[in-house]
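Written out below as structure tokens is the structure these notes cover.
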Amino acid sequence: MQRLIPVLNSDHVPLHLISVINTLLTAAKEISHRLHQGSLAGTLGSTLDENIQGETQKKLDIVSNQLIKNMLLETGLVHAVASEEEDDIVMGNPDARYLVAYDPLDGSSNIDINSSVGTIFSILQKPDHPAEGKELFLQTGDEQIAAGYILYGPSTMLVLTTGKGVRAYTLDHTVGEFLLTVDSLTIPHDTQEFAINMSNQRHWSTPMQAYIRDLLSGVDGPRGKNFNMRWNAAMVSDVHRILTRSGLFSYPADSRKPEQPCKLRLLYEANPMSFLVEQAGGRATTGYERIMSLQPTHIHQRCSVIMGSRNEVDACLEYYKSIPCERFDC
Ligand code: F6P
Ligand code: MN
């Protein structure tokens with residue numbers, strides 16, 4: 001079975017970029033090890049702190065963030081990092097060209113129930129125009145040169161794109177390396193499965209309510225087929241299912257907190273996942289615009305997310321086009 005680096009070499013990925021990806025994987029192996037140790041490693045549970053988003057931090061959120069940040073900065077190949085768990089960006093080597101945005105431990109509420117979590121990353125380059133500090137990261141998703149996630153599930157997997165399709169690798173603990181297990185991940189265009197937190201239904205905008213209502217009415221409704229629902233509550237594992245066997249994943253805007261209508265972050269979650277989904281032949285949209293075309297205005301920006309099987313995302317978009325409603329997303 002092929003190892004990661006020869007595969008990237010054969011795709012002509014620049015050596016320094018391979019080193020940055022490989023460094024992320026070294027951190028991921030350590031995170032994977034700690035997750036597997038569970039209570040034995042003493043890292044389960046929460047801290048008393050909150051992150052910049054006002055969310056309680058798990059001990060492993062902090063450990064994972066530090067591991068990734070320190071390892072990336074030590075390479076000397078990274079100009080700056082932006083993390084969901086850091087208030088501000090952290091500068092690295094002024095002469096280096098790579099920028100890494102990451103969610104160190106996605107779905108971290110799953111840690112204490114021994115369920116799947118993940119690390120999501122997005123790699124950009126220093127822009128050509130003069131930019132400083134946070135501005136460095138205010139690039140559209142289309143400017144990503146690589147993106148991926150590590151899913152810590154029953155096995156630990158890397159799903160990666162460098163803009164030439166999507167490959168999946170599985171961590172072989174016996175040799176400590178990620179081995180190629182799927183050469184080309186493609187999302188079937190049609191599906192009968194969706195993933196959404198249904199408990200927020202009454203807070204969604206009218207088009208999303210109408211779309212899901214029609215899915216739930218199954219074979220007797222306007223869609224004329226039954227739909228199944230799956231929700232793991234960790235974006236990495238919900239999107240991984242869709243990359244593996246089709247589906248539509250959504251975390252739409254809702255009216256629970258008017259000052260914060262969206263949950264998922266553009267730089268750390270929506271953009272890298274959209275890059276993977278589009279590279280696998282799927283679509284990713286807010287309901288109104290393509291996610292990777294959005295121009296970010298701040299690093300912790302959030303957006304509404306609808307992604308997955310192309311024909312199903314298009315079916316959902318028809319509701320947004322045909323049902324006029326007041327837009328309350330970010
Ligand atoms: O990182 C945010 C996240 O954990 C996602 O991975 C997941 O899709 C979502 O939040 C689940 O949130 P909730 O259970 O509050 O709907
Ligand atoms: Mn997350």
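For the reader, a short list of remarks on this structure follows.
- Prolate/oblate/rounded call for segment 115-208, Cα gyration tensor, a/c under 1.5 rounded: oblate
- Lys164 accessible area, 1.4 Å probe, all protein chains in place, Å² to nearest 10: 130 Å²
- Taking the alpha carbon gyration tensor of segment 81-169, multiplying each eigenvalue by 5 and rooting it gives semi-axes of 27, 17, 9 Å, largest first.
- Between Arg223, Arg241, Arg310, the GNM of the chain built on Cα springs shorter than 10 angstrom shows Arg223 fluctuating the most.
- Å² per residue, accessible surface of the chain at 1.4 Å: 42 Å²
- Extension gain, Gln37 back to Glu74 (0.36 nm per residue minus Cα-Cα distance, nm): 10.7 nm
- Of all DSSP beta bridges in segment 1-131, antiparallel share, percent nearest 5: 70 percent
- Computed lengthening from Phe328 to Trp231, 0.36 nm per intervening residue step minus Cα-Cα distance: 32.5 nm
- Rounded to the nearest 500, the 222 nm mean residue ellipticity of the chain from helices alone is -8500 deg cm²/dmol, with -39,500 (n - 2.57) taken per DSSP H run of at least 4 residues.
- Of the solvent-accessible surface of the chain, computed with a 1.4 Å probe over protein heavy atoms with every protein chain present, carbon and sulfur atoms account for 49 percent.
- Segment 193-322 - share of DSSP beta bridges that are antiparallel (%, nearest 5): 70 percent
- With R₀ set to 35 Å, the beta-carbon distance separating Glu318 from Ile113 gives a calculated FRET efficiency near 0.40.
- Listed by chain and number, the lysines placed with their C-alpha closer than 23 angstrom to that of Lys263 are Lys58, Lys59, Lys134, Lys321; residues fewer than eight positions away on the same chain are left out.
- Net charge over other residues, Cβ less than 14 angstrom from the Cβ of Ala96 (K, R count +1; D, E count -1): 0
- Equivalent ellipsoid semi-axes - Cα gyration tensor, segment 167-310, angstrom: 26, 21, 13
- Rh (Kirkwood; distinct C-alpha pairs) - the chain, Å: 20.1 Å
- One chain, two ends: Asn200 and Glu30. Fully extended at 0.36 nm per residue, the span grows by 57.7 nm beyond their Cα-Cα distance.
- Point-to-point label distance, Asp95-Arg213, nm (Cα→Cβ direction, 7 Å offset): 6.3 nm
- Per residue, the convex hull spanned by the alpha carbons of segment 228-330 comes to 109 Å³.
- Binned Cα-Cα distance frequencies in segment 168-241 - 10 Å width, integer %: 15, 34, 28, 15, 8, 0
- Of Leu136, Leu264, Leu40, the one that fluctuates the most in a GNM where the chain has Cα springs shorter than 10 Å: Leu40
- Per DSSP, loop GluC sites (Glu not before Pro) in segment 77-164 with at most 11 further Cβ within 10 Å: Glu132
- Alpha-carbon geometry of segment 4-182: the Rg and the Dmax are 16.0, 49 Å, given in that order.
- Degrees separating the helix 235-245 axis from the principal Cα axis of the chain, which is the longest one: 70 degrees
- Rounded to 5, the percent of DSSP beta bridges in the chain classed as antiparallel: 85 percent
The values are calculated or read from the model by the stated rules, or taken from the named source; none is laboratory data. Computed from a predicted structure; not experimentally measured. When we count neighbours, we look across all protein chains shown, and the Cβ atoms used for this are built from the backbone with ideal geometry, even at glycine. Side chains are part of the model used for accessible areas, which takes the heavy atoms of the whole protein and leaves out ligands, DNA and RNA. Shrake-Rupley method; radii C 1.70, N 1.55, O 1.52, S 1.80 Å.
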